[in-house]
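Here's the structure, in structure tokens; my notes come after.
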Amino acid sequence: MSLDPAAYFRAKLQCEIDVMDVADAEAGSLVIVDTRRRSSWDHGHIPDAVHIPTAQIPELAAELIPAGSQIVVYSWGPGCNGSTFAALAFAELGYPVKEMIGGIEYWIRNGLPVETAAGIVRSSPDALVTAHKA
């Protein structure tokens, strides 16, 4: 059986969301979940994200996230498939979920806010990856 490329890419796009689409989403419309380890979370994360490491999703999801919430998961970046495993875990629990492509690496490279122990910080947007204005 041959896979129809158009069907594959249509399905893929239903399961992914771009960093800038997450940043531009209406407040409260998404539950953003950082799926990285505690040390990575402590280093910096998207403000208002929920921290649930991938391995803990089955035990913590129902406690921390209301059923039916539109979830967006992220991990480090394009060289990491941690958010793919996390998206699968949420999908298996019945949550509507999308994977934020580019992860926090591209969030930072787009000059978007990151929460650290020092407070909210922003990097200058990387002109090679964004049309976002500083």
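The single condition among (1) closer than 16 Å to Arg37 by Cβ; (2) in contact with a Gly (Cβ under 6 Å, 6 or more places away or on another chain); (3) touching a residue at least 40 places away in the same chain (Cβ under 8 Å) that Val114 does not satisfy is (1). Considered as a group, the residues in region 92-128 that are among the aliphatic types (A, V, I, L, M) and surrounded by fewer than 15 Cβ atoms within 10 Å (Cβ to Cβ) include one that is nearest to Leu60 (Cα to Cα), and that residue is Ala117. Only residues that are outside any helix (DSSP H, G or I) and either among the polar types (S, T, N, Q) or surrounded by 20 or more Cβ atoms within 10 Å (Cβ to Cβ) (or both): list them for region 66-91, please. Residues satisfying the conditions are Ser69, Gln70, Ile71, Val72, Val73, Tyr74, Ser75, Asn81. Residues in region 103-127 that are in a strand (DSSP E or B) and either at pLDDT below 95 or out of contact with any Pro (no Cβ under 8 Å at 6 or more places or on another chain) (or both): Thr116, Gly119. When region 8-27 is filtered for residues that are over 16 Å from Tyr106 (Cβ atoms) and either assigned to a helix (DSSP H, G or I) or at pLDDT 95 or above (or both), the ones remaining, listed by number, are Tyr8, Phe9, Arg10, Ala11, Lys12, Leu13, Gln14, Cys15, Glu26.
One residue alone among Ile57, Ile32 is without any contact (Cβ under 8 Å) to a residue 40 or more places away in the chain, buried (at least 18 other Cβ atoms within 10 Å of the Cβ), not polar (S, T, N, Q) and not in a loop (DSSP other than H, G, I, E, B), and that residue is Ile57.
The values are calculated or read from the model by the stated rules, or taken from the named source; none is laboratory data. From a predicted model like this one, the values you see are computed outputs, not experimental measurements. Counting neighbours? That spans all protein chains shown, and the Cβs are built from the backbone with ideal geometry, glycine included.
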